[in-house]
Amino acid sequence: MKPTHWNRRTFLSAAGLTAAAAASPRILASTPASEAFACVASTNQIQLFHIRDGNWLPLTDPTSCEAPRSLALHPTRDILYIAHDTQQYRNLPRASISAWSIDHRTGTLLPINRTPLTLSATSPQHISISPDGRTLLVSATGGGAYNLFSLASDGTILPTPHALKQTGCGPHPLQSSAQPHAAIFHPTSPIAYACDFGTDRIDQLDLSTETPTIISRTPLPPGSGPKHIALHPSGHMLVAASRLQPTLHVIAIDEKSHHLGASLQHLSLDAATAGPLCFNPSGDTLYATALTAKQESTLFVFQIDQASLRIHQFASISLSGIDAPQQLISHKGRLYLAGASGIASIDPNRLTSLHVLRRSNITSVTMRAL
């Protein structure tokens, strides 16, 4: 099937909807009713929400928080982790990471502890937590380093992280140094994969010993600037999105060693810059976002051949009102696209969008089922 570009009017016509009907939460709620808990970070505050039947219900007033940049939830405990994008912490040039307990009865956040990143590690872009809840990985573009923290059994962040300083650069003016960005853990192995925007590569981190190491680096085209990453639910492949040269890079993962293998595909996007991406839970569809030359948000839909691990573009849709997409989350049959202007809920069956939360300067969102 040839890829088709669908605008909002085309989708509404195909679905038999009017513009007024498409704006109705009841019309868009085609998936079964579900409940979820979400944390939203914006300028100097965190707010908790209960998502019920598509409605975002604030649990309490926002909690003050210094420069929250990235959020992550513990896989088994009611603990929220926050990376603070501060130029200085405790009078030294570095950022920090904190842990907060979540009281679902009152909807409040209670601080557990806060600890600094290594010296000169600023601008933390992403937090990732291992599936066993024992390791927390921070990617810091300022200083070009990964910081790996051990987590206690109760979720407390243990001090003295392991720092993996990165070197190198790319040909683009924005690639004057290494800049680790998004990272993700393998679901069944003590291995993580991460994008380095500044050096055009995918790093593979081995966390099986007390001293973490980078065991391999997969190069991408010079000047591409990989910034976002998604791991297939099977753990057999990953897809990285390059921002400077809007392209999706499909890379195989060995089924036994879980090491990165050959590059399977490089798919160019009809866009100016590539944004975040994610798989659906079944792994048969990949969603990717991008900005056009007019700075308009677009959602690309790809179908996946599970046998060959090749992806094929199926459709694309223009999304109005979402500026500079920062995150794309697939959760309970819906897509959530977070940007500077708010969060949109997207029905993947009809590919129509509904703004569910208008909030300026959103920096990160994380959620889980209730």
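Points to keep in mind about this one:
- The simple Förster model, with R0 at 45 Å and r as the Cβ-Cβ distance, assigns Ser268 and Thr160 a FRET efficiency of 0.55.
- Full extension of the segment from Asn44 to Arg134, taken as 0.36 nm per residue of separation minus the current Cα-Cα distance, would add 29.6 nm.
- Karplus 3J(HN,Hα) series, Hz, for the stretch 117-126 with 6.51 cos²θ - 1.76 cosθ + 1.60 (x for Gly, Pro): 6, 5, 4, 6, 7, 10, 6, x, 9, 7
- The stretch 216-255 versus the stretch 283-356: alpha-carbon centroid distance in Å: 17
- Residue with peak Gaussian network fluctuation, the chain [Cα springs, cutoff 10 Å], from Ser224, Ser208, Ser297: Ser208
- For the stretch 121-161: relative contact order, % (alpha-carbon pairs under 8 angstrom, 6 or more apart): 32
FYI, it's all coordinate maths here, none of it is from the lab. Source: prediction; values computed, not measured. With ideal geometry, Cβ positions are generated from the backbone for all residues, glycine too; neighbour counts draw on all protein chains shown.
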